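Trainee: Pasting in a structure now, in C-alpha cells, and then I'll have a few things to ask.
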Amino acid sequence: MTIETFAVGRLACNCTIIGDDAGKTAIVVDGGDGVDEVMERLDARGLRATLLIHTHAHFDHIGDVGRLRDRTDAKALLHPGDLPLYRALPLQAKWAGMDRAPRVVDLDGDLLDGDRIQLGAARIDVHHTPGHTPGSLCFAVRDAEGAAVLLTGDTLFAGSIGRWDLGGTSMEDIVASIHAKLMDYPDATAVIPGHGNFTTIGTERNSNPYLK
C-alpha cells in the first residue's frame, strides 16, 4: 500500500491517493478540485482509481467529482447527510465568488459509519464525525499489519478543529465526534487533515486547545 497526499485547488485541499501497487488499483480521497493533477499522479504510478470517496461535500473537496469520475470511471461515494450540501454546490460557488458553478451529478452510493473498504491487503474504516458538516467522515487507512493513518478532512487539524458555524452543527458536535471516533487511536497515529500540516493523535491529545 502507498499513500500520497498533495494539495489541490484554490483552497489547497489535501487530496490523498491510496494505492494498491500489486493490484494497480487506487482509491482517491477528496480529489474533487484537482482532476488533472490526480490523473497525472495516478498515471505516474500506473494506478487505476476504482473509488472516489469524500470526507464532506464542500466544493473544495468534491466540486469537480463529476469530471474526475468521467476520467476514471470510478464510483463516487459520500455520506448521505451531506447530500443536500452537495446539491447546493451552485450556491457554495456563489458564496466563494467562483466564476463557474461546479457540475452536480448523481453519486454512486453512500458511505456510512462502520463501513469497511478493502483495497488489496489494506482496508479503510469509515467513521461518521458530524460537526464540520452533518455528514462529515474520517477515514482510518490500515496496512496489512493493522497500523492506521487517519484522514480527518475538515474535522481535525493540526492544533485546531474545523469550522462548525456553516449550518446544522455546533462546536459541541465536532468535539464530541473527535473524542468518540478519533481519540482512541494510539498517540503515534498519523493524522492527515483536509488542509495544512500533518500531525499525530498524541500531539492533538496533548496540545489541541479544543480537546482539553
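Coordinate-derived values only; no laboratory data. Here the structure is a predicted model, which is why all the values come from computation and not from measurement. Glycine also receives a Cβ, built like all others from the backbone with ideal geometry; neighbour counts cover every protein chain displayed.
Trainee: Could you name the aspartates and glutamates whose alpha carbon sits less than 13 Å from that of LYS181, not counting residues in the same chain fewer than 8 places away?
Mentor: Counting by Cα, and skipping residues close in sequence, LYS181 has these aspartates and glutamates nearby: ASP113, ASP125, ASP173.
Trainee: Which whole-Hz ³J(HN,Hα) couplings does the stretch 116-133 yield from phi under the Karplus relation 6.51 cos²θ - 1.76 cosθ + 1.60, θ = phi - 60°, glycine and proline marked x?
Mentor: 10, 10, 9, 9, x, 7, 9, 9, 10, 9, 9, 10, 7, 10, x, x, 5, 9
Trainee: Assuming 0.36 nm per residue, please report the length gained on full extension of the stretch ARG45 to GLU145 beyond their Cα-Cα distance.
Mentor: Gain on stretching ARG45 to GLU145: 33.7 nm.
Trainee: Follow-up question, since we're still on this one. Please give the net charge around GLY81, taking every other residue with its beta carbon less than 14 angstrom from that of GLY81, where Lys and Arg add +1 and Asp and Glu add -1.
Mentor: Within the 14 Å Cβ shell, the charges total -4.
Trainee: Could you tell me whether the stretch 2-211 comes out rounded, prolate or oblate from its Cα gyration tensor? Rule is a ≥ b ≥ c as square roots of the eigenvalues, rounded for a/c under 1.5, then prolate if a/b exceeds b/c, otherwise oblate.
Mentor: Values: a/c = 1.62, a/b = 1.07, b/c = 1.52.
Judged from the Cα gyration tensor, the stretch 2-211 comes out oblate (a/c at least 1.5, b/c at or above a/b).
Trainee: In nm, to one decimal, how far is the HIS179 label point from the ALA96 one, both placed 7 Å along Cα→Cβ?
Mentor: The modelled label-to-label distance comes out at 3.2 nm.
Trainee: For the stretch 134-142, take each phi angle, set θ = phi - 60°, evaluate the Karplus expression 6.51 cos²θ - 1.76 cosθ + 1.60, and give the result in whole Hz per residue in order, putting x for glycine and proline.
Mentor: x, x, 4, 10, 10, 10, 9, 9, 10
Trainee: With +1 assigned to the C-beta of every Lys and Arg and -1 to the C-beta of every Asp and Glu, and no other charges, what is the dipole magnitude of the stretch 2-211 about the Cα centre in debye, to the nearest 20?
Mentor: Computed about the Cα centre, the dipole is about 280 debye.
Trainee: Could you work out the relative contact order of the chain? I mean the mean sequence separation of Cα pairs under 8 Å and 6+ apart, divided by the number of residues, in percent.
Mentor: 15 percent
Trainee: What is the gain in length, in nm to one decimal, between ARG87 and MET171 on full extension, counting 0.36 nm per residue of separation less the C-alpha to C-alpha distance?
Mentor: Gain on extension, ARG87 to MET171, equals 27.8 nm.
Trainee: Compute the signed sum of charges (Lys and Arg +1, Asp and Glu -1) over the other residues within less than 9 Å, Cβ to Cβ, of LEU11.
Mentor: Net of charged neighbours comes to -1.
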